[in-house]
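Taking it in order: structure first as structure tokens, then the write-up.
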Amino acid sequence: MKEIVETIAKALVDQPDLVRVSEIDGLHTSIVELKVAKADIGKVIGKQGRTAQAMRTLIGAVSAKIKKRTVLEIVE
């Protein structure tokens, strides 16, 4: 999951070297935290949150395949 989020985020932002992704694994749920440069936060979230929602949908589909719930958090 971590690699998917990192690849998508690096493609969206102007400063891909500042993208940081961490994953906290639980028994049934994983939390993926995405940190980007302050100037790029709007690009990751998108208009009305559409880009962030698309990333969450994609992660949900992939995590359903492995029968695990994954939550994406965009951290400032």
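The values are calculated or read from the model by the stated rules, or taken from the named source; none is laboratory data. All values reported here derive from a predicted model rather than from experimental measurement. Glycine also receives a Cβ, built like all others from the backbone with ideal geometry; neighbour counts cover every protein chain displayed. Quick note on the areas: whole protein, heavy atoms, side chains included, nothing else; ligands and nucleic acids left out. Shrake-Rupley method; radii C 1.70, N 1.55, O 1.52, S 1.80 Å.
Some points to look at:
- Within the stretch 24-76, being among the charged types (D, E, K, R) and not in a strand (DSSP E or B) holds for Lys38, Asp40, Lys43, Lys47, Arg50, Arg56, Lys65, Lys67, Lys68, Glu76.
- Restricting attention to the stretch 2-23, the residues that are open to solvent by less than 80 Å² (accessible area, probe 1.4 Å) and either outside any helix (DSSP H, G or I) or closer than 17 Å to Ala61 by Cα (or both) total 11.
- Only one of the numbered conditions (1) open to solvent by 40 Å² or more (accessible area, probe 1.4 Å); (2) among the hydrophobic types (A, V, I, L, M, F, W, C); (3) in contact (Cβ under 8 Å) with a residue 60 or more places away in the chain is violated by Ala64, and that is (3).
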